[in-house]
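To keep things clear, I will list the structure first and then write my remarks on it.
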Amino acid sequence: MYKQTNITPASRKRGGRCFLDDRSGGSDGLDGLGCSDSSGGLDGSSGLNGLSGLDGLGYSDSSGGLDGSGGSSGSDGSSGSDGPSGSDSSYGSGRAGSSGRSFFAKPLRPITDWLPVSADEVRKRGWSELDIIIVTGDAYVDHPAFGAAVIGRVLERQGYKVAILPQPNWRDDLRDFRKLGKPRLFFGVTAGAMDSMVNHYTAQKRLRHDDAYTAGGAYGFRPDYAVTVYSQTLKNIYPDTPVVLGGIEASLRRITHYDYWSDTLKPSVLVESGADFLVYGMGEQPIVELANCLNEKVDKSLRTLNQIAYLTEDITPQEDDVVLYSHEECLSDKRIQAKNFVLFETASNKIYAPRLLQKTGSQTIVINPPHIATEGDMDMSFDLPYTREPHPRYKKRGEIPAYKMIKSSVNIHRGCFGGCSFCTISAHQGKQVQSRSEKSIIREIEQIAAMPNFRGVLTDLGGPSANMYGMKGKDLRVCEKCSKPSCIYPIVCKNLNVDYKPLASLYKKVLAMPQVKKCFIGSGVRYDMLVQYLDDRYAREYAKLLIKEGTSGRLKVAPEHTEDNVLKLMRKSSFNFFKEFKKFFDKESREGREAGGDKQLVPYFIASHPGCTMRDMKSLTRQTRALGYRLEQVQNFTPTPLTLATEMYYTELNPYTMERVYVAKTKEERARQMEELLG
């Protein structure tokens, strides 16, 4: 495993290659500074020894950076060939290239349609100085599913001069970090669409072989613990310039958290990174407010902004604050860490969450309440003038796999009220579902249909869950008092308005669009929330549409396990709901086959989840084989920061009951559970 926390140029050898776990996909982009979780990643290379400047592909930075520091050569002595498409001496892996002709729309747009990524592009806009530079571990794709693009466009809309610095070389003389100069207001820093450790390593801590957020799927273009590395680097070069963290990695590491890859309990990422602020969650609104405060030099207001976290030595707890256990207390006793998680999750589940405080050494982490997004906020974010394409610098480096996956998909909402114990969505996007307007969704589909390479097929119309669009509490006053982690487990809340009419109506309108031949559903479907409502006209209509129109061949759903004792710890519904849904699916599929269709229901399962024993795995195997399955969609549990399942893994306790929980921790135990499923 990579060892890097302290920054020393060229101290890290070339890493292995990284692969996007297909279970951790979804739409959460850079999240960037807290935005949508779903892809991006500039290669950060700078061309062959500075020839042709920044990327050697004709978008030249050879005339030097904005601060006169010169363009980066991008070479660390380990450059590789880009194959038949030409030389690319980037500091990442050598990899056979491709022309990528089908990847980019034609005719090519002017380079100024994208946010600038080089000093030359900044000058082409007539700018002599930047207000904000966003540093990301992903490639730059100007698309609403990629967080760096979203945050950049949101800030651009406010009149700020914004540039993207994607995948800078942290292993040479650090000139990539200097080439755009010093921004007037701040650096935004994100690891990218995924936690960099999840991006780099499998559940068994083996190095991954590709990176779906880098051109050509190449590896080695981002460091471990990327937000910490980037932030420390920037603070060393520009000590007086504020650094603002965001994205999934920062968001899930905002308080004391267990880090699976180092097997340690780490403090807030603010402590190790040296950053000034952290924007958690989906950050379009707070990042604009923060930029405005810095622009207007109203420092006192900065610390009152919603959805901002920061460190201070001067804080007096207020009456409504929730004071967490200190980092040192959590280190001293696993039971205290378990209690700390309950305090955090309970407070965070509220619509009007309190301010959180956690002492770390002589400082206190202050986490202000989240911003409450409206439909208008959602529409604004998706309606910005994205090119919907990767930056042209990747033209000769091959496709960006994550972009290929989502370029014809549409995200219709954020947030999830499922509350699964192993899932990071509620800790990042929140429990409340925030939906876009139907008009905004239709506008985006029209934009997709106008793309030169669109063939009439939408690959997804969904979100964190495919079937929560437009759903919320019947009486919001009841919701305001609720701090439960899930609205549908152990039973569906009576106050939840499970109304499928808006979703069924939207789907039918999309299918009726003349530009759309097919509209598939690629997001996860909460079948347990669907099968219980099949007596309802609109729920049944949506279910039929889902199977007949929304399933291209295989509909993937996630029962996760068969055993009630494990499902309880997962906060997942009984496996009986899967059996019921399978009967409905098979019936509808048979009718479809008669019309020439052939569709399958494919279940996902997790091995080695806390509470799961070999006996449980054997029972899972028996039950699924009795249903005719030879399992293929299986993953070993990966402990990611700030989830209930991770706390159970670390403490071997159920934090809510303090009962002991069996945990398969050794590589041998975890391997046996996987072998049982796949054997």
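The values are calculated or read from the model by the stated rules, or taken from the named source; none is laboratory data. In this text, all values refer to a predicted model and were calculated from it rather than measured experimentally. Every residue, glycine among them, receives a Cβ derived from its backbone with ideal geometry; neighbour counts consider all protein chains shown. With ligands, DNA and RNA removed, areas are computed over all heavy atoms of the protein, side chains included. Shrake-Rupley method; radii C 1.70, N 1.55, O 1.52, S 1.80 Å.
Once the 1.4 Å probe is applied to the protein heavy atoms, region 237-345 comes out at 39 Å² accessible per residue. Based on the convex hull around the alpha carbon atoms, region 434-566 presents an average projected area of 9.7 nm². The residues of region 413-571 have, on average, 42 Å² of accessible surface per residue, using a 1.4 Å probe with all protein chains present.
Label sites at Tyr662 and Gln623, each approximated as a point 7 angstrom past Cα along Cα to Cβ, lie 1.5 nm apart. The apolar share of the surface of region 543-679, taken as the fraction of accessible area on carbon and sulfur atoms (1.4 Å probe, ligands and nucleic acids excluded), comes to 47 percent. The listed residues Asp276, Asp172, once ranked by accessible area (1.4 Å probe) with the largest placed first, stand as Asp276, Asp172. Between Met614 and Asp299, the contour length at 0.36 nm per residue exceeds the Cα-Cα span by 107.8 nm. Loop-located chymotrypsin sites (Phe, Trp or Tyr not before Pro) in region 330-436 (DSSP state not H, G, I, E or B) with no more than 14 neighbouring Cβ atoms inside 10 Å: Tyr352. Taking the convex hull of the alpha carbon positions in region 298-449 and averaging its projected area over all directions gives 13.4 nm². Each Cα pair under 8 Å and six or more residues apart adds its separation to the average, and for region 141-229 the resulting relative contact order is 24 percent. Determine the alpha carbon to alpha carbon distance for each of Lys205/Lys548; Lys472/Lys568; Lys431/Lys544 and list only those over 29 Å. With Cα atoms farther than 29 Å apart: Lys205/Lys548.
So, counting K/R as plus one and D/E as minus one, what does the shell of residues with Cβ under 11 Å around Leu506 add up to?
+4
Simple spin-label estimate for Cys482 and Lys548 gives 3.3 nm between the two label positions (7 Å along the Cα-to-Cβ direction from each Cα). Using a cutoff of 8 angstrom between alpha carbon atoms and counting only pairs six or more residues apart, the relative contact order for region 535-679 works out to 25 percent.
Hey, what's the Cα Rg ratio for region 112-260 versus the globular rule of thumb, 2.2 N^0.38 Å?
Details: Rg = 15.2 Å, N = 149, 2.2 N^0.38 = 14.7 Å.
For region 112-260, the normalised Cα radius of gyration is 1.03.
Rounded, prolate or oblate: which fits region 188-332 when a ≥ b ≥ c are the square roots of the eigenvalues of the alpha-carbon gyration tensor, with rounded for a/c under 1.5 and prolate only if a/b beats b/c? Oblate. Here the contact order of region 220-286, divided by its residue count and restricted to Cα pairs under 8 Å and six or more residues apart, works out to 37 percent.
With all protein chains present, how much of the accessible area of region 128-251 (probe radius 1.4 Å) comes from carbon and sulfur, to the nearest whole percent? On region 128-251, the fraction of accessible area on carbon and sulfur atoms equals 44 percent. Carbon and sulfur together cover what percent of the accessible area of region 455-523 at a 1.4 Å probe radius? Taking all protein chains in place, region 455-523 shows 56 percent carbon and sulfur surface.
The trypsin sites (Lys or Arg not before Pro) of region 141-236 that meet both conditions, a loop assignment by DSSP and at most 16 other Cβ atoms within 10 Å of the site Cβ, are Arg184, Lys205, Arg206.
Sites listed here are trypsin sites (Lys or Arg not before Pro) in region 586-679 whose DSSP assignment is loop and whose Cβ has at most 12 other Cβ atoms within 10 Å: Arg630.
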